Every structure is written in structure tokens, then in C-alpha cells.
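Notes to accompany the following structure.
The values are calculated or read from the model by the stated rules, or taken from the named source; none is laboratory data. Not measured: the values here are computed from a predicted model. Don't worry about glycine lacking a Cβ; one is built from the backbone with ideal geometry, like all the others, and counts go over all protein chains shown.
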Amino acid sequence: MDKAKEALWTRSFVLDTLINFLVFLIYYLLIVIIAVVAKDNLHATASQAGLAVGIYIIGTVVARLLAGRFISILGCRKMLYLGLLIYLVSTAMYFYTPNLLMLDSVRFLNGFAYGITSTATSTIVAAIIPMSRRGEGINYYGLSTSLAAAVGPFLGILMLHSLGYDFIIAFCVALIILCGIGSVLMKFEEPKLDIESEERKGIRISDYIEPRMNSISLVSVLVGFAYSGVIGFMAAYTKDLNLILAGTFFFVVYAVVITITRPLLGIVFDMKGENFVLYPCFISLALGIFLLSIAHSTWLILLSAVFVGLGYGTFMSNGQAVTVKIVPVHRIGVATSTYFIALDMGLGFGPYILGAIKEVVGYTSMFHVTVVVALLAFVAYYFLYGRYVGTEKDLSLKARAEEEQIRNRKRNGKLA
């Protein structure tokens, strides 16, 4: 019986991981084609196409701000059902987008649904993984996102130029229906989430945003902004270069790189500290985008994918590791949400701003702007966080001290 309780690869774990994969697959599949669709079908400018890309992620940010309270009230299962229902309806609405206003509205609603659904699957997986195999399970679950990051853009660009936009939307609708079937088949015990007591009810910024995350949040916005030019304009850029196949395989190389390096860099993070991992990642991201800006052949685009993967892919996972490190245990949930909100803000607003820049100076100079932003992230990280690591101002030391104070109060019976 004990062995059965400690099993990791249960039906619920497999189904939740599969649903997460499909949800992220749809996200990546659509995000790389929307700028092209907006320009070709609706005659959008680069800035308008960028807004159509980024407004999806703005909808995701709004959903993540509210999701914690929604889950406390509805529970994970109902939250997942609700998210998938809105995801299905909003995805089907892509069939009717006669103008940019309608497309932007559908994108926002679709992003909101994605935010709800992905929050629910992440909460569920934490409940169904045995405590003794938590690290192993979370890493396997996280690989579903890496795989989606490769397959989604690859399929999106390939299908857009071979099967067309309507086929892609029908395909996405079918995938969401599969997710719905999988969610019904999942069996798990609803996690018990603490609901605020009467005296704590009300709106407080700290219920949604972690103040200790200010330094890392700014860096995250800059990194997300730098990468947004890649994810938002890769399809259109490589189409202009007549290197569509290279743009398709860019994301495959990117995902392979982060999947291979993630376990190794996690070990380096634990042994050498975050600065040893994160300083090179900013340089790698800047180098990768610069190579993309001067690309004239397939091999150069694929080489840029290696450096972008080592840059943005490294920051995504290790930035989250820093987040967990610098806050007390009871604030990890809010801090993680804050981290991804900051990253999503950069990804969401970036394409709109960069699209306007592209209209004036072209793709090459637009990418040069994001190279500078990646280097600014390096500088911001150093001054706001990196130089304090290992000193008395290290935020992780303050977090551990706060945890110890809480434990002491509990021992003394002063905490209910």
C-alpha cells in the first residue's frame, strides 16, 4: 500500500502532465503565427501585429493575478473545467476575426483562459505528486513545457505555410477537447488551500505581488522584453529572409538546448550559486539575438537558437530558483506568481513596442534594440541583486531569518 502511495507515474500525473503539454502547445503554436496572420489577412502594421501577439500574454497576467483567489473559492478541478471551457470557446472564436479589434479581443480572452488553465494544472500536479518524489515529479512535469516550446512553434510555422490558418484553429480546438476528456478522467484528492480568515479579508497588494521580488521582477521584465522580439517576429522575419524552414527549426534547437542543459545548470546553481549561472545567461541571450539580427543563412539562425536557449531558457528556470530562495516558505506561491507576471509583462508589451520600432528602422535594428535590453538586464541584475549575494545584504539570509522567527514564535505558542 505504501509503495502504491509513493508511485509517481499515476494516471492522474500522466493526464495532468499531458494536459499541461497540450495547453502550452496551443500557446506556442498560435503565438508564432499571429503576427503573420494579422499582417497578411488583416493588413496590420508591425506594431498592430505585435499588439495581437502580446495582448494574449496580458490576458494571462490578469488571469494569474486573480487565479489564486479563484482556486481557493472554486477548487482546482472546477478551475480547470472553467479554464478549459473558456479556452475552447475563445479558440473557436479565431474562426471569425474579420478585423484587428476582434482579433485582439479574442487573443486577450484566449490568454486569460490559458492563464486560468495553466494555473490549475500546476496546482493539481503539486497535489498528486508524492512528497518523497516532489523534485523528480516537478522536473518531469516541467519538461512537458520544454517539449511544447519545441513542437508548438515548429508545427505552427510548418502548418501555416502548408495547411493554412483555419486548419490550425481546428487542430487547436480538437486538442482542447482532448484536454477536457483528460480532465474528466483525472482522479485526485482536492488540495486543501488556506482561505483567508475574516480579519484578513480585503484587497492588499501583498496578496497578489511579493515586495521582496522587486529586484528580480525588473530583471525579468527586461529579459522577457528581449525575448519577445524572437517569439513574436520569428515567423515574419524568416519569411522575409526566405528562411522559413530555419525559423521552424529554430525552436526545436532552442528546446533541445534547454532540455539538455537544465539538469546540469541546476546542479551548477546549487554548487556555485546563482551568479555563476545567471551572469553568462544574459550575455548568451544578447549574443543569440545579435546572431539572429545578422542572419543570412540557416546555420546562423540555428546557432542563434543555441545561445538564445542558453540565455532565456537558463533564466526562466534559474530565475525561478532565485525566487524560491529569496522569500520565506509561506510566500513562495505569491513570489512565483510575481516572477511569472513580470516575465509575462515583458513578453506581452514587448511585441507591440518592438513592432513600432520595426516600422521605423527594420528588423535588424529592432533586434539590436533587444540586444541592448538583454545587456541592461545584466547591469540591473548586478546592481539590484548579484553584488549582494554572499554578503550580509543577501536576500536569502533575510528570508531564512524570517522563517526562523516564525518557527520560534510557533514554539513559544505565540502563533495560532
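Structure notes:
- Hits in the stretch 364-416 - residues which are outside any helix (DSSP H, G or I), surrounded by 11 or more Cβ atoms within 10 Å (Cβ to Cβ) and of a type in the set (Gly, Ala, Ser): GLY390
- Residue match in the stretch 204-215 (condition: in a helix (DSSP H, G or I) and within 30 Å of ILE33 (Cβ to Cβ)): no
- Looking across GLY346, GLY319, GLY313, one residue alone is within 23 Å of the chain's Cα centre (by Cα), part of a helix (DSSP H, G or I), buried (at least 17 other Cβ atoms within 10 Å of the Cβ) and at pLDDT 85 or above. It is GLY346.
- Look at the stretch 374-388: where a residue is assigned by TED's automatic domain parsing to the domain that holds PHE276 and a partner is of a type outside the set (A, V, I, L, M), sitting 6+ places away or on another chain with Cβ atoms under 6 Å, you get ALA374/PHE282; ALA377/PHE282; PHE378/PHE282; LEU384/SER215; TYR385/SER215; GLY386/ASN275; TYR388/ASP394.
- For the stretch 308-328, a tally of residues being in contact with a Phe, Trp or Tyr (Cβ under 8 Å, 6 or more places away or on another chain) and of a type in the set (Val, Ile, Thr) returns 3.
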